[in-house]
Each structure stands twice: as structure tokens, then as C-alpha cells.
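Written below as C-alpha cells is the structure these notes are about.
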Amino acid sequence: MDQGAEEKNVLGPFEYVVWFLGIILEAAVVVCAIIKGSFRRYLALNLYMLASVLVSLGRFKTLTDYGFTSSEYVYFYYYSDLLLTIGLYFALMSLYAHVFKEMGEGRYVRFGSLLLLLGTAVFSFGIVQQSSDRILSRFVVEVSQNLYFVGLVLTYVLWGAMLKLRETRTMLIQLVLSLGLYFSVFAASYALRNLFPSLHGIWPFLTPISGCLLPLTWAYAFIRLHENARLAPGRLAVVPR
Amino acid sequence: MMAAIIFAFSTAALLQFFVSYCRSLIAASARTSLSPEVQDVIGIKQAASGEDFARVMQYLHLCPERREDRNRVQAIATYFRLLSFLRSAIVPIVPSLRAWTEHERSQCAYFAAVALDRRIALSRDMLAEQMTA
């Protein structure tokens with residue numbers, strides 16, 4: 001939770017507007033996917049967005065019942081954030097499955113991703129055990145941060161594989177790049193928080209705006225791009241191939 | 001130390017994803033030809049140059065916005081600013097980047113020209129609808 005925001009027990013109009021904008025965009029992703037017939041094809045992504053909408057509504061209920069600085073809200077926020085991050089991790093794995101589908105390597109991808117998820121949890125638990133007495137709450141924060149970074153690395157690897165395999169599906173490319181943008185923004189902002197804890201004034205603005213990035217770009221991909229649209233992957237590499 | 005490494009890696013990855021995302025947006029418009037009217041108005045026949053971008057954006061802001069391309073235009077404008085920053089700050093140190101930044105800037109200008117073309121077509125359609133109503 002942002003230290004600056006903890007000083008007050010209510011949210012301002014800006015926070016509410018960005019929060020509801022985020023909920024609307026998350027719902028829009030699912031609606032756009034259903035309209036375009038991509039809901040089942042990208043089921044994990046859409047389930048993640050549905051879960052995000054439900055979690056946002058749950059957070060709003062907790063906020064109105066207990067207040068912004070209450071421990072109930074803080075616990076609900078971080079535990080739901082952890083679950084959503086794990087959900088996004090599985091959404092990423094489904095994108096891996098799409099890319100490697102034709103190679104028949106889906107089984108290994110699933111096994112590898114589960115192993116990595118468990119490894120991240122154990123690693124985070126190990127760090128927290130050494131440094132805190134409030135082990136469970138710190139564990140949730142630590143594992144969320146690490147999962148964002150692991151998610152970023154995995155998305156980076158997937159993007160590299162897509163360039164190597166000359167993936168041409170425009171929708172898949174934009175979904176993966178959007179996810180990469182999202183993970184990098186969150187991983188960078190978590191790291192920045194650790195480096196400069198005194199910068200707490202900017203997080204109440206930066207975090208919700210960053211949260212809108214993923215639903216905005218996914219909704220765009222679902223509604224504007226045709227499933228069969230193709231583009232040359234060589235055009236997208238930062239270093240021309 | 002760990003946070004610094006994560007921050008450096010994340011920022012580098014963010015830049016790379018952002019560049020690739022913008023290029024995926026631009027790639028779709030690169031295959032679109034400009035209408036003769038827009039070619040005459042903005043003076044771009046085949047290839048645009050980075051210097052055209054600001055002028056095309058001025059024309060773009062004069063036209064009614066299309067909701068579908070608002071965010072894309074903003075993303076590409078940010079990308080163009082990033083490229084302009086690279087050109088002024090990094091290219092003097094790494095001259096080999098000059099050709100790449102110029103090519104990317106020209107692609108941004110062409111993207112803006114295609115967006116302008118679509119907005120003019122939309123305005124024309126709206127006018128035609130009003131005339132018939």
C-alpha cells in the first residue's frame with residue numbers, strides 16, 4: 001500500500017475515476033473478445049480479465065465497508081493482487097501454448113511454468129523468513145513483486161521465441177507485447193519503490209494509470225484486429241533482422 | 001542492489017517492448033496508400049520524412065477525432081518524441097543509430113499521414129450524412 005495514501009482514509013476523485021476506468025476497460029476486453037469470437041481461443045486471458053473485474057468490485061466493497069487504511073482492505077488488496085498476478089502468470093503460459101502449439105511442446109511448457117511458479121514462491125518465502133517477523137503479510141508482497149519480475153523475464157523470452165520462430169499473427173504479437181509493457185512497468189515501479197521509498201507521493205497516481213495499460217491494449221487488439229491478420233515479424237525487432 | 005538490477009532490466013525491457021509495440025501499430029499503416037488529396041495537402045508522395053511529422057500532426061488536430069485511432073496516435077507521438085530525443089542526445093555519440101532513427105521517424109510521419117487520411121474520409125462521410133439528412 002502506498003505510504004502517502006495511507007495517511008487518508010478515503011480516496012480522491014482522481015483515484016475513483018481511474019479505478020472505474022480500469023474496471024470498465026477490463027470488462028470491455030471480455031465484451032470485445034466475445035463480440036469478435038475470440039473468447040474461447042484466448043480463454044485464460046479473458047478469465048483473468050473477468051477475475052480482475054470481480055476483484056475490483058470486491059476491493060470497492062471492502063473499501064466502503066472498512067476504509068482505505070483498514071487492515072481488512074490492505075489484506076484484501078495484497079492477497080487478491082497475489083492471486084491476480086498468479087492468474088496473469090497462467091494467462092502468459094496460455095500465450096506460450098499458442099506460440100508453441102504447432103511444435104507440440106505444450107506439456108513441457110506447462111510443467112516448466114508450474115516449476116517456476118513454485119520456485120518463485122519458495123525464493124520469496126526464503127527472503128521474507130530472513131528479514132521479517134510479520135512473515136505472512138510480507139510474504140504476499142514479496143512474492144507479488146518477484147512474480148512481476150519473473151513474468152517480465154518470461155514475456156521477454158516468449159517475445160524472443162516469437163521473433164526466432166517468425167510468428168506472424170498480429171493479434172498474438174500485440175497481446176504479448178502489451179503484456180510485456182505491463183510487466184515491465186510494474187516490475188520497474190516496484191523496484192523504484194524499493195530504491196526510493198521517499199517517492200511515495202507518485203504511486204497513488206502511477207499505479208492505477210499503469211493498471212489501465214493492459215486492458216486498454218488488449219481491448220484494442222480484440223476489437224480492432226482480425227484473427228487472421230498477419231505482419232512480418234522482422235519489422236518489429238528493435239535490431240533489424 | 002537487487003532492486004537496482006531489476007529496475008535497470010525492467011526499464012530496458014519496457015523500452016524494447018514499447019518500440020516493438022509502436023512498430024506493430026505502424027506496420028499496419030505502412031501497407032496503406034495515401035489518397036491523392038492527402039498527398040497534395042501534406043506534400044508527401046511516396047515516402048515521408050521525420051520532418052513532416054509535426055506538420056501532419058497539426059493537420060491531424062484540425063480534423064474531428066476518430067475514437068478508434070486516438071490512443072494509437074498518442075502512442076506513436078510518444079514514440080516519435082523518444083526517437084527525437086535519441087537523435088539529439090544519443091546519435092552524436094553513436095552515429096550508426098542515425099539511419100535507424102531517421103527511418104523510424106519517417107515511418108511515424110507516414111503513420112500520421114494515414115491517420116489524417118482516415119480522419120478526412122470520416123469528416124467527408126459526416127458532411128455527406130448531414131447533407132442528405
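Okay, here's what the table says:
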read-out	value
Whole-Hz couplings from phi, Karplus 6.51/-1.76/1.60, listed for the stretch B:38-45; x for Gly and Pro	5, 4, 5, 5, 9, x, 10, 9
Which of B:SER123, B:SER96, B:SER88, A:SER210 has the fewest Cβ neighbours within 10 Å, and the rest in rising order	B:SER96, B:SER88, B:SER123, A:SER210
Shielding score for B:61-73, defined as the mean number of other chain Cβ atoms within 10 Å	1
Fewest-first ranking of A:PHE60, B:PHE18, using other Cβ atoms within 10 Å as the exposure measure	A:PHE60, B:PHE18
Neighbour cut-off at most 11 other Cβ (10 Å), DSSP loop, GluC sites (Glu not before Pro), the stretch B:24-131	B:GLU51
Whole-Hz couplings from phi, Karplus 6.51/-1.76/1.60, listed for the stretch A:176-187; x for Gly and Pro	5, 5, 4, 5, x, 4, 5, 4, 5, 4, 6, 5
3J(HN,Hα) from dihedral phi, the stretch A:16-26, Karplus parametrisation 6.51/-1.76/1.60, rounded to Hz, x for glycine, proline	5, 4, 5, 4, 5, 4, x, 4, 4, 5, 5
Quarter of Cα convex hull surface for the stretch B:2-132, i.e. mean projection, nm²	9.7
Rel. contact order, % - alpha carbon contacts under 8 angstrom, at least six apart, chain B	40
Distance from the stretch B:29-43 to the stretch B:98-133 (C-alpha centre basis), Å	8
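No value in this document is a laboratory result; all are computed from the given coordinates. Predicted, not measured: the structure shown is a model, and the values here were computed from it. Here the Cβ is made from the backbone with ideal geometry for all residues, glycine too, and neighbour counts use every protein chain on show.
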